[in-house]
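Please read the structure below before turning to the comments.
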Amino acid sequence: MLPIGARLRRLREEKGMAQGDVEQRTGLQQQHISRVENGQTVPTLETLQRFAKALDVPLYELLYSGEQGPTTPRLKALETVEKLAQEGGKAGTEARFLLKLSSLLVRIPERDRGLFLSFAKGLATR
């Protein structure tokens, strides 16, 4: 199993990126990137998230060395909004509302859509 720094270097090189490219995409200094890749610094989770985003890979790929993704035996498959909308109860009601809202959202002029989405994000964070 490769150390995290070596795995980061391998992924970066596979993507044809230089450390300077990662620096631009992450905001991390090139010296820090070099120290992480050489195993001189243990990266924080936040740093690993920035690397994953810069390298366009899921975070688990930086931590997992298997050929395929890790197994998730206890997770159930996600249901689609359309399937949830067919159910009763609160989940069904909310799914039906979301479907109706999404169908109306495409009717809003492009210039107003951003304002509407900003408003919705503001409500969601409260």
Pairs where the first residue, in region 33-45, is part of a helix (DSSP H, G or I) and the second is among the aromatic types (Phe, Trp, Tyr), C-beta under 9 Å, 6+ apart: Ile33/Phe51; Val36/Phe51
I'd like to verify a number: residues in region 49-67 that are crowded, with 17+ Cβ neighbours inside 10 Å and within 16 Å of Pro3 (Cβ to Cβ), how many? 2
If you take the residues of region 1-22 that are hydrophobic (A, V, I, L, M, F, W, C) and more than 15 Å from Pro58 (Cα to Cα), which of them is surrounded by the fewest Cβ atoms within 10 Å (Cβ to Cβ)? Met1
Residue ranges of helices (runs of 4 or more DSSP H) in region 50-126 with at least 2 members polar (S, T, N, Q): 89-105
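FYI, it's all coordinate maths here, none of it is from the lab. This structure is a prediction, so every number in the text was calculated from the model and none was measured. Because the Cβ atoms are built from the backbone with ideal geometry, glycine has one as well, and the counts that use them run over all protein chains shown.
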